[in-house]
Amino acid sequence: MKLFKSLLVAPATLGLLAPMSATANEVTISDFTPAEELAITNSRVDGLEARLNNIEAGSFSETTTASFSVDMLLGAVDGQVGTSDDTNEEKLSASYGYQIDLSTSFTGEDSLDVSIDAGTAAAGTTLDELDLNSGGDSLALDGVSYTFPLGDKITAFVGDNMDGSTLYSTACVYGGVTTTLDDCGNASSAMAAGFGTAAGASIDIGNGFTGAIGYEGQGSTTSGLLTKEGLDSYGAQLSYAADQYGASVTYNVTETSSTAETTFWGLNGYWTPSETGSFPSISVGYETGDPSGTAADTEHYFVGLQWDEIGPGTLGVAAGTADPVADNATELMMYEAFYAYPVNDSLTVTPIIFIEEQSGTAEDLTGVAVKASFSF
């Protein structure tokens, strides 16, 4: 009986509430808020909504991209470092390198690039030859540059803490793993003097030919650029690339003091097989140095072989002079071998072995390491 009464009462109740609902709908916020205050409130809400949309879009602008890389290294070196005793012999050590690269384009053809890094492979350690970042555990700005087109065929750049050879196209396809051999024998003519301020330009000549010029200078307030007090380095390169081979010639003049300079010439070339696997690519480099005054001339050379498809990975071996060799001086050699195995699209594991000859009676250095490289 109670259920029956409830069913009878419900329609009547809804009938009474319907007019009240209609009346309530006619009452708005404008009935309680002055028009001027309402406009201000709406404006603030719109601004807040715009800010939220920007946050949802991400921390970077739509034209900025970021890439990250981490290298983790575990290895040891057997031998004497310099003329010291075997203090560093066979000590297992670990190092890492971390890098952030930011790139922003404003027109679709230009690029503002910033590199930030950290790492523990400091100079003087047994594994510093394996080319990891060495600035320590704190992130630091490692380089900033702006690259932009000048017409259809010319590209130019300016930057700080960059190499003047940034736009060079040195003829080498070998991917070296040691600091000594990864420049393909183009150690000084490729202009990596580390003076600070850098600028350069490249031009697409056509038919496989490209040309480039570069400059590095000490841009401090005490020395200044292109002055007698500051050191400068400048050079040029002409390159040619075909389907399976290429060659380049590089010229550079680097000031070593306010009254002295060294002129370098570098020759590089490579050949790649039409089918990868059985035959390796071959990269060679040769460089001469001619100091002003009575200092002896120097020479430096390199040969690298690389198989891009040995199993699932890449095998590389190389040999070259450890440093530019002065006339009549003892020639010290550097050797390396590596196998880069891609575990997945973001991780590559690379076992490495290198041998560096030492001067005098010091025992040669033999390094063995495994490097895990992440990129994302």
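No value in this document is a laboratory result; all are computed from the given coordinates. Remember, predicted model here, so these are calculated numbers, not experimental data. Cβ: placed from backbone, ideal geometry, glycine included. Neighbour counts: every protein chain shown.
Determine the sum of side-chain charges near S189: Lys and Arg each +1, Asp and Glu each -1, restricted to other residues whose C-beta is under 10 angstrom from that of S189.
It works out to a net charge of -2.
Around T276, under 10 Å between beta carbons, what's the net of Lys plus Arg minus Asp minus Glu among the other residues?
Result for the local shell: -3.
Quick check: pseudo-label points 7 Å beyond the Cα along Cα→Cβ at E299 and D243, how many nm apart are they?
3.5
Place a point 7 Å from the Cα of D152 along the Cα-to-Cβ direction; which residues of region 173-211 have their backbone N under 20 Å from it?
202-211
Using a Förster radius of 25 Å, what is the FRET efficiency between N344 and E309 based on their Cβ-Cβ separation? Nearest 0.05, please.
It comes out at approximately 0.90.
Using θ = phi - 60° and the Karplus form 6.51 cos²θ - 1.76 cosθ + 1.60, what ³J(HN,Hα) does each residue of region 101-109 get, whole Hz, x for Gly and Pro?
10, 10, 9, 10, 10, 9, 10, x, 10
Would you kindly state how much longer the chain becomes between F279 and F106 on full extension, computed as 0.36 nm times their sequence separation minus their alpha carbon distance, in nm to one decimal?
Taking 0.36 nm per residue and subtracting the Cα distance, the gain is 57.9 nm.
Which order do peptides 314-322, 329-337 fall in by mean Cβ count within 10 Å, highest first?
The packing order, highest mean first, is 314-322, 329-337.
What is the extension gain from A94 to S67, computed as 0.36 nm multiplied by their sequence separation minus the C-alpha to C-alpha distance, in nm to one decimal? Mind dumping the intermediate values first?
Values: separation 27, 0.36 × 27 = 9.72 nm, distance 2.39 nm.
Length gained between A94 and S67: 7.3 nm.
Using the Cα centre of region 218-351 as the reference point, and only Cβ charges (+1 on K/R, -1 on D/E), how large is the resulting charge dipole? Debye, rounded to the nearest 20.
With Lys and Arg at +1 and Asp and Glu at -1, about 140 debye.
Taking θ = phi - 60°, what integer Hz values does the Karplus form 6.51 cos²θ - 1.76 cosθ + 1.60 yield along region 159-175, in sequence order, with x for Gly and Pro?
Result, ordered by residue: x, 10, 6, 10, 7, x, 8, 3, 9, 6, 10, 4, 7, 7, 10, 8, x Hz.
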